[in-house]
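First the structure, in the form of structure tokens, and then the observations on it.
The values are calculated or read from the model by the stated rules, or taken from the named source; none is laboratory data. The shown structure was predicted, so the numbers you read here are calculated from the model rather than taken from an experiment. Glycine also receives a Cβ, built like all others from the backbone with ideal geometry; neighbour counts cover every protein chain displayed.
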Amino acid sequence: MMQFSFSRAPSIRFAPGSVSELPKIASRFGGRALLVTGGRSLEASGARGRIVKSLVEGGVFVDTISVSGEPSPELVDDAVKAHAGRGLEVVIAVGGGSVIDAGKAISAMLHLGEPVVEYLEAVGTKTHDGGKLPFIAIPTTAGTGSEATKNAVLSRTGPDGFKRSLRHDNLVPDFAIIDPELMVSCPREVTAASGLDALTQLIESFVSTGASPLTDALAFSGLEKVKESLLPACSSGSADVAHRGAMAYGALMSGIALANAGLGVVHGLASPLGSIFGIPHGVVCGTLLAAAVKATVRKIIDVDDAAGLRKYARVGSLFTDCDIREKGQCCVRLVDHLEELVDSLEMPPLSKYGVREEHFARIIAEGGNKNNPVPLDREETAALLRSRL
Ligand SMILES: [Fe+2]
């Protein structure tokens, strides 16, 4: 008998130009906002100035903070110290996944005033209570789906680094404004890495041991859009709002699906590879995706997992128009297709970031399979990493 849980999804406004509705939406939560942005590209395009002006004209008092790179616990603590006690009523984040994660964590820590590291999974000892300020997420990249997830990823890079989540069902943003026009200036490399992150999340949540018919429907509809629009959105200087919108939809569905179904071995390995070697998250996902699907499908065939094979075959059929009745063949075609995709989007090998065979033991020990449909053992995982060195 089927059984599943589904936490919640944000209220969503999805339309080109919809960022102009922010003042009205923010006012529902209060008249004093903290605006978190990523700085340079939003500033250069003039969008940041326009957003601040529209909020002020809409009667919303705005404090601002800009963040760069993937957020650290210290960044969150400093922001909380600087803005606690200022009567904030809503936090708004406009940017890529890192900016949205930073805003999400700040909105969740303002009422606690304690170091966020104490609440991080596998690092801290405390459990977050779910209290927070209302949070509005406005993504400017199509990738992490953080605008719909219940966790904020915080990192410390270097030899003693970690990449861990602050997580609670209540941390799903209250509102997500998806405006594809904000994404047209996203550079090709960022569009490619973010898009491959979204694709990885859609595939991993679709085949996850935590998947349900509900998350399957969401993930598959995201895959349909990504199939049509990933390459066109990456073509140099693409200002095609329709393809940007399709990718934004895929990323949004990936966020809702992963928050409720979980992810697989690529995301298990992404934590140590990101924290120890500083590899951007989308690049880790992109470079490992095809190899991880290949290794997982091989094991699914070995252990005779008919349900797992059927799921990968459905994805293969979508992407390659193969005959769904030939499940093994569809899986082979899917792997070939993903390998071509990763090559054409020029995902770099792991060695470019200093990863070597001698690091595998630590990466595997700190990584994991998450909800991969079949767990890969140490040797299989090492072979997967080796194939992308
Ligand atoms: Fe991801």
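Given the criterion among the small types (Gly, Ala, Ser) and surrounded by 14 or more Cβ atoms within 10 Å (Cβ to Cβ), identify the matching residue among ALA382, ALA361. Don't jump to the end; show me each part of the working.
Values: ALA361 fails: surrounded by 14 or more Cβ atoms within 10 Å (Cβ to Cβ).
Step by step, each of ALA382, ALA361 is checked, and only ALA382 is among the small types (Gly, Ala, Ser) and surrounded by 14 or more Cβ atoms within 10 Å (Cβ to Cβ).
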Can you confirm whether segment 328-339 contains a residue that is over 28 Å from TYR353 (Cβ atoms) and crowded, with 22+ Cβ neighbours inside 10 Å? yes
Per the list (1) assigned to a helix (DSSP H, G or I); (2) more than 17 Å from VAL99 (Cα to Cα); (3) of a type outside the set (A, V, I, L, M, F, W, C), residue check on PRO159 breaks on (1)
Contact list, first residue from segment 264-288 and in the same structural domain as ALA142 (by TED's automatic domain parsing) and modelled with pLDDT of 95 or more, second anywhere and away from the ligand (no atom under 11 Å from the Cβ) and not hydroxyl-bearing (Ser, Thr, Tyr), beta-carbon distance below 6 Å, six or more apart or interchain, is none
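Within segment 173-201, take every residue that is polar (S, T, N, Q) and touching a residue at least 60 places away in the same chain (Cβ under 8 Å) and give me the one that is farthest from the ligand (Cβ to nearest atom). Break it down into steps so the answer makes sense when it comes.
Just the residues of segment 173-201 that are polar (S, T, N, Q), to begin with: 185, 191, 194, 200-201.
With touching a residue at least 60 places away in the same chain (Cβ under 8 Å) added as a condition, the list becomes 185, 194, 200-201.
On the way: SER185: 22, SER194: 9, THR200: 6, GLN201: 5 Å.
So the residue we want is SER185.
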Taking segment 183-203 and keeping only residues that are in a helix (DSSP H, G or I) and touching a Lys or Arg at 6+ places or on another chain (Cβ under 7 Å), one is left with MET183
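Taking PRO373 as the residue in question, decide whether it is surrounded by 21 or more Cβ atoms within 10 Å (Cβ to Cβ) and either more than 16 Å from the ligand (Cβ to nearest atom) or of a type outside the set (S, T, N, Q) (or both).
Values: surrounded by 21 or more Cβ atoms within 10 Å (Cβ to Cβ): yes; either more than 16 Å from the ligand (Cβ to nearest atom) or of a type outside the set (S, T, N, Q) (or both): yes.
Yes, satisfied.
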